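The values are calculated or read from the model by the stated rules, or taken from the named source; none is laboratory data. Quantities reported herein were computed from a predicted structural model and do not represent experimental measurements. Counting neighbours? That spans all protein chains shown, and the Cβs are built from the backbone with ideal geometry, glycine included. Surface areas here come from the heavy atoms of the whole protein model, side chains and all, with no ligands, DNA or RNA. Shrake-Rupley method; radii C 1.70, N 1.55, O 1.52, S 1.80 Å.
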Amino acid sequence: MKFKYFFILVSFFLCFLSNAQTTGEEVLFEVGGDPVYVSEFMNVYNKNLDLVQDESKKNVDEYLKLFTNYKLKLKEAKTLGLDEKRTYKRELLSYRKQLAKNFMTDNTVTEALVEEAYNRISNEVKAQHILVLLAEDANPTDTLAAYNKINKLREATLAEGFANTMKQKADGKTIIAEQLGWFNGFKMVYAFENAAFNTAVGETSQPFRTRFGYHIVNVQDKRKSRGELTVAHIMIVKKEGDVGAEDPETRIQDIYKKINQGEDFEALAKQFSDDKSSASKGGLMPAFSGGQLSATEFEDVAFGLKEIGEVSKPFKTQYGWHIVKLYNKKPVADFKELKTELVQKVKRDERSKRIDNALYSKLKETYKVSGEQPNLDYFVSVLNEDYYKRKWKLPSSFEATKTLFTIGEKEFKYKDFGDFLVKTQRNLRNNTPFKAIVEEKYIEFFNMSLVDYHEENLENVNPEFANIIMEYRDGLLLFDLMENTIWNAAKTDSVAIQEFYDLNRSNYISPKRIDAVVASSSKQKTLKKVSKLLSEDMSLERIKNLVNSNDAVEVIFTSGIMDAEHQTIPKGFKFKKGVSKIFKHNDAFEVIQVKEILPKAQKTLEEAKGSVISDYQNDKEEKWVKTLADKYKVVINKDVLKKVKSQIEKQ
């Protein structure tokens, strides 16, 4: 379901920033009688302007068309009653509760938490752990069973060793054991982070609980953070199924020799690296910090480079063979520089629970409530021995309608607190005084009521929260509509897909390709010799033996089926059998031997299925939107649109 949330939260056509539908505001257009205001359109247009890659979509008229289509879909969703579906309401409520957590913390974050966070991003822990899975809402019996199990596992680690216990006890279902590698602050849930950083090297923590269950963590090592690196790499992978492919280790060693001969690293990456995401950029990778990559060997080699421009020897990871070049090393910034960012991280992190008391104080001030305990003698008087046994019920004569306290405009009755007492009965010692029980329960109930009331009223007191909820609400509706109307139909209607393919066969053609050998060298003179040998149909192995030596790799060959977009083929290269002239490409000299020209060929439906389904969906959606435009009249206020265009031109 990840795609669903990507669609809702990322798709720029769903990002609304304003609820600005105030009395007297100008209406830009109407859809089926529903007004759309200028401020909403302007907010969406300005927010998404930088995200739009297609320049034509930045045109106001084109963007208005897209936005109108979006509103047509929303209108249809509501007409169909999708906003009344139980699943929709449940998911929206779930999201609202989740989002509200980010708006329910006090803005005052203690210096201690921020300093702790800085210390933990400045250091790294290497750890392994064992987890006994347990649902967050597990009952006491299951919770105790899981707790006992983790305690026994800890005892086993102390007697038999952590690694042995991991191997012997983990079943991958209820008991999970993992090597976590290196990590620093904010990379784990807060309870796990605390246990790891507070446990000495070589020691195993006491059992602790997270939302996943009960853990024990064994700390293997600690070190100062290695900061952030920017590197480039050349990667060579084994070509599965390609019998004639060169051994990747031999190929990487040849490339390494060329680097040592003074050839340009970036040019070689462009020519030979199998990492398509970085090859065109000379092998340059996004910056990363310790523990961020899934290849420990790669990180260790990269962080082992000392000088900018330094190049590693070839090495192997689970992904293939690599050579790494260091571009930049960035240590952890000082506290002052990072403090603002850390404050935001702490506010979003679960460690913010430690400042709940500050939140309660602020809400008391916001809603003008003292928080002083009222007289609770009545509640003490109605408790009896059944409360210790979790069997207590409200007496039939309970004074349910009497007001206990008021927050804002909401009155909380005796019945509300009475129900809370019933609901929160726990196994208590028989000697716990009723007065102590009631006072403790009242504090818990009051704070909970205060937070709940604030959460219920967030839309009224926090415009940002209100806007995000509106954005998600509409996005969720649109997703459900598109899934039911377009996407699911496109996946299941095989007859319609076949008909669409038959009508548009000309759109699914394999391009002209060549079976070719590409020789690359930094020296034009070398390629003149190679060109002559290729013309004589000499084998590649023999040419390598004649041109290359143990100490110097002068030429590297790339062979196989290639189209015009292949990284070794220069733009504009004309496919012609035989040996080409020598030309400059990717900062090197190349010569191409074209063995055979493969003409354009019709793709079968199976070969083109992904593209066919995508095109079919787009075609179906376009026709569907036209029917919506007929169903719901769209009226554009041309005078207002003229003002909008003028305003945009002045920006």
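Among residues of the range 312-361 being in contact (Cβ under 8 Å) with a residue 24 or more places away in the chain, in contact with a helix residue (DSSP H, G or I) (Cβ under 7 Å, 6 or more places away or on another chain) and of a type in the set (Phe, Trp, Tyr), the one that is farthest from residue 104 (Cα to Cα) is 321. Checked against the criterion of being of a type in the set (S, T, N, Q) and more than 20 Å from residue 269 (Cα to Cα), the range 307-320 has no qualifying residue. Set side by side, the residues 281, 306 differ, and just one is closer than 16 Å to residue 225 by Cα and assigned to a loop (DSSP other than H, G, I, E, B), which is 306. Of all residues in the range 407-418, none are surrounded by 14 or more Cβ atoms within 10 Å (Cβ to Cβ) and closer than 30 Å to residue 111 by Cβ.
Table: residues versus (1) at pLDDT 95 or above; (2) more than 37 Å from the chain's Cα centre (by Cα); (3) among the polar types (S, T, N, Q).
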{"site": "544", "(1), (2), (3)": "no, yes, no"}
{"site": "548", "(1), (2), (3)": "no, yes, yes"}
{"site": "552", "(1), (2), (3)": "no, yes, no"}
{"site": "563", "(1), (2), (3)": "no, no, no"}
{"site": "572", "(1), (2), (3)": "no, yes, no"}
{"site": "593", "(1), (2), (3)": "yes, yes, yes"}
{"site": "606", "(1), (2), (3)": "no, no, no"}
{"site": "613", "(1), (2), (3)": "no, no, no"}
{"site": "618", "(1), (2), (3)": "no, no, yes"}
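Return yes or no: is residue 435 open to solvent by 100 Å² or more (accessible area, probe 1.4 Å), in contact (Cβ under 8 Å) with a residue 24 or more places away in the chain and not hydroxyl-bearing (Ser, Thr, Tyr)? When the stated conditions are applied, residue 435 passes them. Test residue 266 against the criterion of being over 32 Å from the mean Cα position of the chain (by Cα) and of a type in the set (D, E, K, R), and give yes or no. Spelling it out, it is not the case that residue 266 is over 32 Å from the mean Cα position of the chain (by Cα) and of a type in the set (D, E, K, R).
Among the residues making up the range 625-640, those that are assigned to a helix (DSSP H, G or I) and either open to solvent by 70 Å² or more (accessible area, probe 1.4 Å) or more than 15 Å from residue 66 (Cα to Cα) (or both) are 626, 627, 630, 631, 638, 639, 640.
So, residue 329, is that one closer than 28 Å to residue 569 by Cα and either in a strand (DSSP E or B) or of a type in the set (Lys, Arg) (or both) or not? Here the answer is no, as residue 329 does not meet what is asked. Tell me, yes or no, whether the range 75-89 has at least one residue that is open to solvent by 20 Å² or more (accessible area, probe 1.4 Å), modelled with pLDDT under 90 and over 26 Å from the mean Cα position of the chain (by Cα). The answer is no; no qualifying residue exists. Of 159, 135, all but one fail to be loosely packed, with under 13 Cβ neighbours inside 10 Å, hydrophobic (A, V, I, L, M, F, W, C) and either at pLDDT 95 or above or closer than 27 Å to residue 346 by Cβ (or both); the exception is 159.
When residue 253 is tested against (1) over 30 Å from the mean Cα position of the chain (by Cα); (2) surrounded by 18 or more Cβ atoms within 10 Å (Cβ to Cβ); (3) of a type outside the set (Gly, Ala, Ser); (4) outside any loop (DSSP other than H, G, I, E, B), exactly one condition is not met: (2).
Just one of the listed residues (502, 515) is of a type outside the set (A, V, I, L, M, F, W, C) and not in a helix (DSSP H, G or I), and it is 515. Within the range 323-379, the set of residues being farther than 30 Å from residue 229 by Cβ, open to solvent by 40 Å² or more (accessible area, probe 1.4 Å) and of a type in the set (Val, Ile, Thr) comprises just one member, 366. Of the residues in the range 485-524, how many are among the polar types (S, T, N, Q) and without any contact (Cβ under 8 Å) to a residue 12 or more places away in the chain? The total comes to 4. Residue-level check: of (1) touching a strand residue (DSSP E or B) at 6+ places or on another chain (Cβ under 6 Å); (2) part of a strand (DSSP E or B), residue 316 misses just (1). Can you pull out the residues in the range 518-555 that are part of a helix (DSSP H, G or I), in contact with a strand residue (DSSP E or B) (Cβ under 6 Å, 6 or more places away or on another chain) and hydrophobic (A, V, I, L, M, F, W, C)? Within the range 518-555, 527, 530, 534, 540 meet the criteria. Cβ-Cβ contacts under 9 Å between residues 6 or more apart (or on different chains), taken from a first residue in the range 630-651 that is within 16 Å of residue 59 (Cα to Cα) and of a type in the set (Phe, Trp, Tyr) to a second residue that is outside any helix (DSSP H, G or I) and modelled with pLDDT under 90, are absent. Taken as a whole, the range 103-111 holds at least one residue that is under 30 Å from residue 344 (Cβ atoms), assigned to a helix (DSSP H, G or I) and under 30 Å from the mean Cα position of the chain (by Cα).
Screening 555, 594, 579 for residues that are within 30 Å of residue 247 (Cβ to Cβ), open to solvent by 40 Å² or more (accessible area, probe 1.4 Å) and in contact (Cβ under 8 Å) with a residue 12 or more places away in the chain leaves exactly one candidate, 579. Selection within the range 181-191: residues that are among the aromatic types (Phe, Trp, Tyr) and open to solvent by 30 Å² or more (accessible area, probe 1.4 Å). The member of this set that is nearest to residue 342 (Cα to Cα) is 186. Could you please tell me which pairs satisfy a Cβ distance under 8 Å, a separation of 6+ or placement on different chains, a first residue in the range 242-256 that is at pLDDT below 85, and a second residue that is in a helix (DSSP H, G or I)? Note: no pairs meet the criteria.
Taken over the range 192-236, the criterion of being surrounded by fewer than 16 Cβ atoms within 10 Å (Cβ to Cβ), within 30 Å of residue 305 (Cβ to Cβ) and aliphatic (A, V, I, L, M) is satisfied by 201 alone. Take the conditions (1) more than 30 Å from the chain's Cα centre (by Cα); (2) loosely packed, with under 15 Cβ neighbours inside 10 Å; (3) without any contact (Cβ under 8 Å) to a residue 24 or more places away in the chain; residue 143 misses just one of them, which is (2).
In the set (1) open to solvent by 40 Å² or more (accessible area, probe 1.4 Å); (2) in contact with a helix residue (DSSP H, G or I) (Cβ under 8 Å, 6 or more places away or on another chain); (3) within 21 Å of residue 507 (Cα to Cα), the condition left unmet by residue 603 is number (2). Applying the criterion of being hydroxyl-bearing (Ser, Thr, Tyr) and in contact with a Leu (Cβ under 7 Å, 6 or more places away or on another chain) to the residues of the range 388-430, the residue that is modelled with the highest pLDDT is 414.
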